[in-house]
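Let me begin by presenting the structure, written as structure tokens, before commenting on it.
All of the numbers you see were taken from the coordinates with simple rules; none came from a lab. On a predicted model such as this, the values are computed, not experimentally measured, just so you know. Backbone-built Cβ (ideal geometry, glycine too); neighbour counts: all protein chains shown.
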Amino acid sequence: MVDLDSHGLGMLNEPTCRRLLEIEKVGRLGLSVDSLPVILPVNYTVHNSTIVFRSEEGVKVRAARQSTVACFEVDGFDRFEHSGWSVLATGRLSLVPDERADLYEHLPVVPWGLTGESQFIELSIELLAGRCIIRNPPGTDPIPRVAL
């Protein structure tokens, strides 16, 4: 059974949040750039409890060089059942050092829109939380079928 918060939303436990992070392939990176919020889509993977993605030189690489605090969100929903879930991971960005980057080459992180040289970036998972809208019958998995 899923615990409900004060708004009636289901609270996902940490193992469920980690499972959902691991099965999705595209998420949204949230960070502050020049004191303004920015949300950027990235394709990613989870490796050793760290979110890993690639980027060319730009906002994400600069933020990683500065160890910027960022958040990462993935979600899923079922339009017909009016149910859904979201998971939010918060931590610090960092560039993967060259000596470790070779180990990440085998990871399934293929940049979609990159044409130049890219670098691996990690987001440590320091805080992890998830919520769901429960429309399923009692006793069933609260995660919409689209996530399974």
**Q.** the chain: calculated mean residue ellipticity at 222 nm from DSSP helix runs of at least 4, using -39500 (n - 2.57)
**A.** -4500 deg cm²/dmol
Q.
As an exercise, use a Förster radius of 30 Å and the Cβ-Cβ distance of Leu4 and Thr50 to find the FRET efficiency, rounded to the nearest 0.05.
A. 0.50
Q | Extension reserve of the Arg62-Ser35 stretch, reckoned as 0.36 nm per residue once the Cα distance is removed | A | 8.3 nm
Q. At each listed q (0.11, 0.14 Å⁻¹), what is the log10 of I(q)/I(0) that the Debye formula gives for the chain modelled as equal alpha-carbon point scatterers?
A. -0.45, -0.70
Q) On a 0 to 90 degree scale, rounded to 10, what angle separates helix 14-23 from the longest Cα axis of the chain? A) 60 degrees
(Q) So if each residue of separation counts as 0.36 nm, and I subtract the Cα-Cα distance between Asn43 and Asn13, what length gain in nm does that give? (A) 8.4 nm
Q: Of the options Gln119, Ser35, Leu4, report the single residue whose Cα projects farthest towards the positive end of the charge dipole of the chain (beta-carbon charges: Lys, Arg +1; Asp, Glu -1).
A: Leu4
